[in-house]
Amino acid sequence: MYRVLLNLGQGSWQTGFPSVTVQLWNLGDPAPIQLTGSLPPAESLSQLHQRWQKYYLSLQSNLGVRQRKAIEIEEEDVTHGSIEEFHSVSRLLQRQLNLWLSVETFAGIERKLRTVLNVEDAVQLIVEVDQPALRSFPWHLWNFLEDYPKAEIGLSRFDFG
C-alpha cells in the first residue's frame, strides 16, 4: 500500500503553484520519498471548471436528483443536448487538466511516481489544498490514475482543525 500526498502549497489558478510537494509513502517504510515541482497559472482551467460545475449542477437539477437515499430520474427533464454538452465540457476539462499536469516542472514528479509504483499497487492519493474551488476540482480525471486501478483519491485541507 502506498500513500501519495500531493500538496499544492500556496498559490492559485491566477498565480500558479510555485511550490508543489509530493510525499510518497510506502506504508511499510518509516520515511517518504519527497518530490518537488511547480505548476504554472491556469486561469482558463479554472474558468472551464466553473463551466463544468454549472453543467453538472444543471443536469443534477434537471434529472430530479433529490436529497434522499433513492435517486429519482424524471426522463422528461433530460435533454440530449445538455447531456452532450456536459460530456463535451467534461472531456475538454480532462484534456486541459492533463495538459496542465504534463508541464515539465511537474512531469518529473509523475515520472518518479511511475518508477516506484506498479500498476497492481494499492495507492491512496491525497490532494492537499486550502481553496474550496480546488477541493471541488475533479482530480480523479488525472490520466495518471487510469494506470492504477487500485488507486483511490481523497482531498484534504492543510489545516485539519
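Being modelled with pLDDT of 90 or more, of a type in the set (Phe, Trp, Tyr) and either part of a helix (DSSP H, G or I) or surrounded by 13 or more Cβ atoms within 10 Å (Cβ to Cβ) (or both) holds for only one residue in Phe106, Phe86, and it is Phe106. Show the residue pairs that are 6+ apart or on different chains and have beta-carbon atoms under 6 Å apart, the first residue being within region 11-23 and under 7 Å from Leu39 (Cβ atoms), the second being among the polar types (S, T, N, Q) and part of a loop (DSSP other than H, G, I, E, B). As it stands, the answer is none, since no pair meets every condition given.
Summed over region 1-30, the residues that are open to solvent by 70 Å² or more (accessible area, probe 1.4 Å), hydrophobic (A, V, I, L, M, F, W, C), in a loop (DSSP other than H, G, I, E, B) and modelled with pLDDT of 90 or more give a count of 1. Kindly indicate whether any position in region 93-102 is at pLDDT below 90 and either part of a helix (DSSP H, G or I) or touching a helix residue (DSSP H, G or I) at 6+ places or on another chain (Cβ under 6 Å) (or both). Checked against the condition, which is being at pLDDT below 90 and either part of a helix (DSSP H, G or I) or touching a helix residue (DSSP H, G or I) at 6+ places or on another chain (Cβ under 6 Å) (or both), region 93-102 yields no hits at all.
Residues are listed down the side, and each one gets a yes or a no for (1) surrounded by 12 or more Cβ atoms within 10 Å (Cβ to Cβ); (2) modelled with pLDDT of 95 or more; (3) of a type in the set (A, V, I, L, M):
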{"position": "Gln53", "(1), (2), (3)": "yes, no, no"}
{"position": "Ser58", "(1), (2), (3)": "yes, no, no"}
{"position": "Glu72", "(1), (2), (3)": "no, no, no"}
{"position": "Gln131", "(1), (2), (3)": "yes, no, no"}
{"position": "Leu141", "(1), (2), (3)": "yes, no, yes"}
{"position": "Leu145", "(1), (2), (3)": "yes, no, yes"}
{"position": "Asp159", "(1), (2), (3)": "no, no, no"}
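Considering (1) modelled with pLDDT under 95; (2) surrounded by 14 or more Cβ atoms within 10 Å (Cβ to Cβ), say which one Ser38 fails and leave the rest. Condition (1) is where Ser38 drops out. Residues in region 110-132: is at least one over 28 Å from Asp29 (Cα atoms), of a type outside the set (S, T, N, Q) and in a helix (DSSP H, G or I)? Yes, some residue in region 110-132 is over 28 Å from Asp29 (Cα atoms), of a type outside the set (S, T, N, Q) and in a helix (DSSP H, G or I). Each residue in region 79-109 was checked for being in contact (Cβ under 8 Å) with a residue 24 or more places away in the chain, polar (S, T, N, Q) and farther than 24 Å from Trp25 by Cα, and 4 of them qualify.
The values are calculated or read from the model by the stated rules, or taken from the named source; none is laboratory data. The structure presented is a predicted model; accordingly, all values stated were derived computationally and were not measured. Because the Cβ atoms are built from the backbone with ideal geometry, glycine has one as well, and the counts that use them run over all protein chains shown. For the accessible areas, the whole protein counts, side chains as well, though only heavy atoms, and no ligand, DNA or RNA atoms are used. Shrake-Rupley method; radii C 1.70, N 1.55, O 1.52, S 1.80 Å.
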